[in-house]
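*Asks:* Before I ask anything, let me first share the structure, which is written out below as structure tokens.
The values are calculated or read from the model by the stated rules, or taken from the named source; none is laboratory data. All values derive from a computational prediction rather than experimental measurement. Side chains included, ligands, DNA and RNA excluded: accessible areas come from the protein's heavy atoms. Shrake-Rupley method; radii C 1.70, N 1.55, O 1.52, S 1.80 Å.
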Amino acid sequence: DVTVRSMAGLLLKNNIRLRLNTFAPSVIEYVKANIFSAIGDSTSMIRNTVSTVIDTLLVELSPENWTAALSRLMELVDSHDQLAQEVRLLGPTSVSGSPPLAQTNHAAVRTDKGAFSALDKLCQDIPKKLEQLQIGGQRPLDFMVPKFLAHIDSPYPKIRNYALSCALQFISPDN
């Protein structure tokens, strides 16, 4: 049931926010390894919950301690071909074992929305930290902002909205 799954995700998010330091490292690694499997779920409630859990984990762990998440989110918003391959588990398959084209494209857009939702939350929650973040001598924002700008002309209004919201966090005079 979608409501039960969403509530479980929100409980996970609250426990991460309030008790992350009491989690066994294996529990944190399990969540990190499995959370992205639901980011392209067919229901927006689950996608939103997953994006909230990813955001909370990144905020609590700090992006420099989970750099793979930033990379994964950027990969998911930018690579429709790869998404089409990854989301085969989301929809029905044809006789050949591949999903119908319309299902694949729709699932890719769902995954885009889930990833962009997480990035939007992250950019709103910790813009200063993201601006100051350096990994291996490089600033992830130097790569991320151009990707956000590239999606502002997406044919999907929700994607355009997320892309613009993410980009605005770093060009606003308040930051």
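*Asks:* Using a 1.4 angstrom probe and counting only protein chains, how large is the accessible area of Tyr156 in Å², to 10?
*Replies:* 90 Å²
*Asks:* How much length, in nm to one decimal, is gained on full extension between Lys158 and Asp1, taken as 0.36 nm per residue of separation minus their Cα-Cα distance?
*Replies:* Contour length minus Cα-Cα distance gives 54.0 nm.
*Asks:* Quick check: with the 1.4 Å probe, what order do Phe148, Phe23 take by accessible area, largest first?
*Replies:* Phe23, Phe148
*Asks:* Can you send over the solvent-accessible area of Leu133, 1.4 Å probe, protein chains only, in Å² to the nearest 10?
*Replies:* Per-residue accessible area (Leu133): approximately 10 Å².
*Asks:* Go through Lys128, Lys13 and list them by solvent-accessible area, largest first, probe radius 1.4 Å.
*Replies:* Sorted by accessible area, descending: Lys128, Lys13.
*Asks:* Still on this structure: Can you give the relative contact order of the stretch 1-65 as a percent, counting alpha carbon pairs under 8 Å and 6+ residues apart?
*Replies:* 47 percent
*Asks:* A further question on this structure: Which pairs break 18 Å Cα to Cα here: Lys13/Lys121; Lys113/Lys158; Lys113/Lys147; Lys121/Lys158; Lys32/Lys158?
*Replies:* Those over the limit are Lys32/Lys158.
*Asks:* Compute, for Glu29, the solvent-accessible surface of its heavy atoms (probe 1.4 Å) with the complete set of protein chains present, and express it in square angstrom to the nearest 10.
*Replies:* Counting only protein heavy atoms, Glu29 exposes about 100 Å² to solvent.
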